[in-house]
Amino acid sequence: SEGNFGIITEAIIRVREVPKCRRYGSIVFPDWETGFKFMHDVARSRIWPASIRLVDNVQFQFGMALKPEEHNKLKEYIDMAKKKYLLDYLNFDPNKMTAVTLLFEGSNEDVKMQEKSIYGLARKHGGIKAGAENGLRGYFLTFAIAYLRDLSMTYSFVAESFETSVPWSNVLKLCTNVKERIERDCKERRIKHKPFVSFRLTQVYETGATIYVYFGFRYDGLKDPVADYSYVEDGARDEVMKCGGSISHHHGT
């Protein structure tokens, strides 16, 4: 079978109780660097929710663009007021804002303790609570990405993702260098339009974090889009290794 199949001869099953309490949450930060510092502090606090993810501005705007049209007038006015507060009062730049999505699970006491710690750290870094609905929507985007990727190919757009784990000290450097490398290699391959490049910081660990890299480009007019994509992706992975990141199948581990 050339390694495609295996025979399981023994397995140990781990059973956990269904969480009594399950709550979503979200936080908005003024920029990627601030969100990164918050995530680093969360890692060091050792109080980790069931899931925590930081998305960059590109992915933040992408998610907002997919937000369903609001038909509830009261909710529409509330959303407008929140937006005005962020942009006009707090002076958040819509082209720099980032978001963290959260999922808390456990006993009622566990969840309260986690929320107190996480939102306390968020305030320390100038983060603003953005509500449970936005947190839930952020996780919904994860399920939708594969379908959007397939749909985009009908419009001559090819995209995919890969992951890496990297020490905290190299997270920002890796993201900057990988983005620059992708954009540079796309120009070299004469890809006409600016590529889509986005990052998500997830799976926080004591020593580092997992980074998901999403990228894609318009391939109309290219003779061999597969070769061009492979070239750009290989370059991005090369840049990952130069920054001390790992190359692996899943979660960078």
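The values are calculated or read from the model by the stated rules, or taken from the named source; none is laboratory data. Fair warning: this is a prediction, and the values are worked out from it, not measured in the lab. Virtual Cβ from ideal backbone geometry, glycine too; neighbours counted across all protein chains shown. These area figures cover heavy atoms from the full protein model, side chains too; ligands, DNA and RNA do not enter into them. Shrake-Rupley method; radii C 1.70, N 1.55, O 1.52, S 1.80 Å.
Hey, among ASN108, ASN91, ASN72, which residue is open to solvent by 60 Å² or more (accessible area, probe 1.4 Å), over 23 Å from the mean Cα position of the chain (by Cα) and at positive phi?
Numbers: ASN108 fails: at positive phi; ASN72 fails: at positive phi.
Among ASN108, ASN91, ASN72, only ASN91 is open to solvent by 60 Å² or more (accessible area, probe 1.4 Å), over 23 Å from the mean Cα position of the chain (by Cα) and at positive phi.
The conditions are (1) in contact with a His (Cβ under 9 Å, 6 or more places away or on another chain); (2) assigned to a loop (DSSP other than H, G, I, E, B); (3) not aliphatic (A, V, I, L, M), and SER246 fails exactly one of them. Which is it? Of (1) in contact with a His (Cβ under 9 Å, 6 or more places away or on another chain); (2) assigned to a loop (DSSP other than H, G, I, E, B); (3) not aliphatic (A, V, I, L, M), only one is false for SER246: (1). Condition check for MET39 on (1) in contact with a Ser or Thr (Cβ under 8 Å, 6 or more places away or on another chain); (2) crowded, with 17+ Cβ neighbours inside 10 Å; (3) of a type in the set (A, V, I, L, M): one failure, at (1).
Conditions tested, residue by residue: (1) touching a residue at least 40 places away in the same chain (Cβ under 8 Å); (2) more than 18 Å from ASP110 (Cβ to Cβ); (3) touching a Pro at 6+ places or on another chain (Cβ under 9 Å).
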| site | (1), (2), (3) |
| --- | --- |
| GLU17 | no, no, no |
| GLY25 | yes, no, yes |
| GLY35 | yes, yes, no |
| ALA43 | yes, yes, no |
